[in-house]
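Report on the structure given below.
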Amino acid sequence: MALFKYNGEWSQERRGGLIGAIFNSVVARTEQGSRVGRRGRRFPRNFLKPRFFNWLLLLLALIFLFVFATFVLKLLSNGNEEEKHLPLSKEVHEQISIYDATPTPPKSKRRKQYFPCEVGLAAEVDNILEPKNYMNFTQFSLDYVEREVNPLHSNIRQSRFGGYQTLEEREKSFFARNQTIHCGFVKGMSIFSSPGFELTEEDKAYMNTCHVAVSSCIFGSSDFLRRPTSRMISEFSKKNVCFVMFVDEQTLSKLSSEGHTPDEKGYVGLWKIVVVKNLPYLDMRKTGKVPKFLAHRLFPSSWYSIWLDSKMRLNTDPMLIIEFFLWRMRAEYAISNHYDRHCVWEEVLQNKRLNKYNHTAIDEQFMFYQSDGLRKFDPSDPNTPLPSYVPEGSFIIRAHTPMSNLFSCLWFNEVDRFTSRDQLSFAYSYLKLRRMNPDRPFHLNMFKDCQRRALAKLFRHRLLSSPPPP
C-alpha cells in the first residue's frame, strides 16, 4: 500500500476505480468510527459505576411492586363482587347479617364519680333539742357473756374474743327479749385468760364518762391520722363529745414518726388516742370491727355514738348529725346505702373479683345465708324493707337502745363467725332480726350515700391489707 504525505501527516494513498472507491469508503468509515469511539470513552466510566446500577435496580423494583399491588387489589375487588353473587343458603345469609349487625364493644368507661348532696342540717347546735320520748323504742334487757361456760369447749385453753357460740345459741340470740348473749370480750375457761383488746384502766375510766362518742381506729399502720375539721365542730361538742381514736402500738409509733405525737393528756387535735394491746385477731380488718360494732360495750355510759372509718375526715358537728339522722327521722340506727351495689349477690361477686377475702370462706357464708332465707334484693317490690341490701359501712350513727345494741351484737357475731366483709352479713342480720320479731320493730334509717359524702371528706387508705391465707 502506498503512502503519501499531506499537511505534514502520512496518509494512505487513495486509489481510483471501483476497487479504490470501495477501499477508500471502508477506510473512511473505519477512521470515523475510531474517532467516535475515542470521543465516547468518557461516558462508559460513569455508565459502568455500581451506584448507577443500584438506582436502576431500585427503580425497576418500585415499578414491579406498583404493578403487582394494582393487580392484587383488582383481584380482591373482583373476588368481593363475585362473593356477593354466590349461591349461599338462607341460614348462612342470616349468620352473616347478624355478624355484620353486631356492634363493636364499647370502650371501657371511666371510673364513676360520686358527689355529695345537700343535707338539711340545723344551722347551729344551740337550736337543736332532743325530742320528748325519743328513747321510747322497743324495751328489753340485754346482758353479755363474759366468760366461756360451754362444757363442749371446757378442754379448749385458748380463748376466743367472740366466744364459742353454738348454732342453737346463735338462733336464740335473734329474739328481742331479756337474755344474755355473746357480744365479744368473752374470756376463756381459765381465770387468767384474756379475751384481747386490752385497754388501760385510765382509758376505761375516761370512756366510761362519755355520753356521746365519735370513734375510729387504725390498726397495723394501715392509714393516716385524719383529724376532724376543728372549725366545723361547735364548742359544745368539743366539751361534751368524746373523740376517740383506737390504735395499736405499731400505729402509734408510725404516727409519732409522722409528727402526730400525743400530748401529755393523750390528745392529737380533737382525737383522744387510746392504745389497744393484745389484739384479738390476726386479721386487722376483723379487729377493726370491735370498735365499729361494739361502741355500746366500749362506752357503757354513752347514749349515742358515731363511727367513721379512718379513711374519712369529719367535717360536720356530731350533734347536728345526730339531730338530723336520728332525732328528726325517729330512728335508732342510721347507715348509708352502698354507692353502687344494692344486692348481696353483686357484693359477693365483687369481693371475689377483687380478691377481698378467701373465696371458699365467702362461698360458705353465702350458702349458709341462702339456706336460711336470704333472697335477692328486688327494687320493684313495694314490701322491700330497705332501699338497699348492701350498706356503705364507713359511717354509722347509733342511739344505744336495746334493739340497736342487739343488732350490733348480731352483726358482730356474723363477722366473728364468718368473714370480716361485713357488707355480706348486714342484710341477713337485719332481715332475720326483723323476721323473728314481727311485733317488735327496729327503726333503721338507711340514708343516701351522697349524704354520707357531705358529712365527711373521703380519702384512700394508706395500705390495702392482703386477704387472709386460704
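The values are calculated or read from the model by the stated rules, or taken from the named source; none is laboratory data. Since we're looking at a predicted model, the values are computed, not measured. All Cβ positions, glycine included, derive from the backbone under ideal geometry; neighbour counts span all protein chains shown. Only protein heavy atoms, including side chains, enter the accessible area calculation; ligands, DNA and RNA are left aside. Shrake-Rupley method; radii C 1.70, N 1.55, O 1.52, S 1.80 Å.
List the strands (runs of 3 or more DSSP E) that sit entirely inside segment 302-374 and contain at least 2 residues that are closer than 20 Å to Gln113 by Cα. Before you say what the answer is, go through the steps one by one.
Working: elements: 304-308, 312-314, 333-337.
Once the strands (runs of 3 or more DSSP E) in segment 302-374 are filtered for at least 2 residues that are closer than 20 Å to Gln113 by Cα, what remains is 312-314, 333-337.
Scan segment 250-293 residue by residue and report those that are open to solvent by less than 50 Å² (accessible area, probe 1.4 Å) and part of a strand (DSSP E or B).
Val268, Trp271, Lys272, Ile273, Val274, Val275
Looking at segment 462-470, can you tell me whether even one residue there is crowded, with 21+ Cβ neighbours inside 10 Å and either over 30 Å from Ala122 (Cβ atoms) or under 27 Å from the mean Cα position of the chain (by Cα) (or both)? Steps first, answer last, please.
Quick first cut of segment 462-470, residues crowded, with 21+ Cβ neighbours inside 10 Å only: none.
Checked against the condition, which is being crowded, with 21+ Cβ neighbours inside 10 Å and either over 30 Å from Ala122 (Cβ atoms) or under 27 Å from the mean Cα position of the chain (by Cα) (or both), segment 462-470 yields no hits at all.
Just name the residue that is modelled with the highest pLDDT out of those in segment 92-136 that are closer than 26 Å to Asp340 by Cβ, surrounded by 10 or more Cβ atoms within 10 Å (Cβ to Cβ) and of a type outside the set (A, V, I, L, M, F, W, C).
The residue in question is Pro116.
Has segment 424-447 got any residue that is among the small types (Gly, Ala, Ser) and surrounded by fewer than 15 Cβ atoms within 10 Å (Cβ to Cβ)?
Restricting attention to segment 424-447, the residues satisfying the condition of being among the small types (Gly, Ala, Ser) are 425, 427, 429.
Retained after the next criterion (residues that are surrounded by fewer than 15 Cβ atoms within 10 Å (Cβ to Cβ)): none.
No, segment 424-447 contains no residue that is among the small types (Gly, Ala, Ser) and surrounded by fewer than 15 Cβ atoms within 10 Å (Cβ to Cβ).
If I filter segment 175-187 down to residues being buried (at least 17 other Cβ atoms within 10 Å of the Cβ) and among the hydrophobic types (A, V, I, L, M, F, W, C), which single residue comes out as nearest to Asn278 (Cα to Cα)?
Restricting attention to segment 175-187, the residues satisfying the condition of being buried (at least 17 other Cβ atoms within 10 Å of the Cβ) are 176, 181-187.
In the following step, the residues that additionally are among the hydrophobic types (A, V, I, L, M, F, W, C) were identified as 176, 181, 183, 185-186.
Numbers: Ala176: 32, Ile181: 23, Cys183: 18, Phe185: 12, Val186: 14 Å.
It comes out as Phe185.
Say whether the condition of being aromatic (Phe, Trp, Tyr) and farther than 21 Å from Arg398 by Cα is met by at least one residue in segment 180-198. Break it down stepwise before answering.
Just the residues of segment 180-198 that are aromatic (Phe, Trp, Tyr), to begin with: 185, 192, 197.
From the residues that got through so far, the ones that are farther than 21 Å from Arg398 by Cα too are 192, 197.
Scanning segment 180-198 turns up at least one residue that is aromatic (Phe, Trp, Tyr) and farther than 21 Å from Arg398 by Cα.
Out of the residues in segment 215-249 that are hydroxyl-bearing (Ser, Thr, Tyr) and surrounded by fewer than 24 Cβ atoms within 10 Å (Cβ to Cβ), which is farthest from Val276 (Cα to Cα)? Reasoning before the result, please.
Pass one, segment 215-249, residues hydroxyl-bearing (Ser, Thr, Tyr): 215-216, 221-222, 229-230, 234, 237.
Of the ones still in play, those that are also surrounded by fewer than 24 Cβ atoms within 10 Å (Cβ to Cβ) are 221-222, 229-230, 234, 237.
Details: Ser221: 13, Ser222: 15, Thr229: 25, Ser230: 25, Ser234: 29, Ser237: 25 Å.
Checked segment 215-249; the qualifying residue farthest from Val276 (Cα to Cα) is Ser234.
Out of (1) within 29 Å of the chain's Cα centre (by Cα); (2) modelled with pLDDT of 95 or more, what's the single condition that is false for Ser221?
(2)
Return yes or no: is Ser190 free of Cβ contacts under 8 Å to residues at least 40 places away in the same chain, touching a Lys or Arg at 6+ places or on another chain (Cβ under 9 Å) and open to solvent by 20 Å² or more (accessible area, probe 1.4 Å)? Reasoning before the result, please.
Numbers: free of Cβ contacts under 8 Å to residues at least 40 places away in the same chain: yes; touching a Lys or Arg at 6+ places or on another chain (Cβ under 9 Å): yes; open to solvent by 20 Å² or more (accessible area, probe 1.4 Å): yes.
Considered against the rule, which asks whether it is free of Cβ contacts under 8 Å to residues at least 40 places away in the same chain, touching a Lys or Arg at 6+ places or on another chain (Cβ under 9 Å) and open to solvent by 20 Å² or more (accessible area, probe 1.4 Å), Ser190 comes out as yes.
Given the options Gln370, Gln365, name the one that is at pLDDT 95 or above and open to solvent by 30 Å² or more (accessible area, probe 1.4 Å).
Among Gln370, Gln365, only Gln370 is at pLDDT 95 or above and open to solvent by 30 Å² or more (accessible area, probe 1.4 Å).
For residues that are buried (at least 23 other Cβ atoms within 10 Å of the Cβ) and among the polar types (S, T, N, Q), scanning just segment 303-326, find the one that is modelled with the lowest pLDDT.
Going through the qualifying residues, I end up with Ser310.
Which residue is surrounded by the fewest Cβ atoms within 10 Å (Cβ to Cβ), if the candidates are limited to segment 327-340 and must be out of contact with any His (no Cβ under 9 Å at 6 or more places or on another chain) and not small (Gly, Ala, Ser)?
Our first condition is that a residue be out of contact with any His (no Cβ under 9 Å at 6 or more places or on another chain); within segment 327-340, this holds for 327-328, 334-340.
Still in the running and not small (Gly, Ala, Ser): 327-328, 335, 337-340.
On the way: Trp327: 18, Arg328: 15, Ile335: 24, Asn337: 20, His338: 20, Tyr339: 15, Asp340: 13.
The residue in question is Asp340.
May I ask you to list pairs of residues, at least six apart or on different chains, whose Cβ atoms are under 8 Å apart, with the first in segment 298-323 being over 17 Å from Ile233 (Cβ atoms) and hydrophobic (A, V, I, L, M, F, W, C) and the second being assigned to a loop (DSSP other than H, G, I, E, B) and open to solvent by less than 10 Å² (accessible area, probe 1.4 Å)?
Pairs found: Phe299/Cys210.
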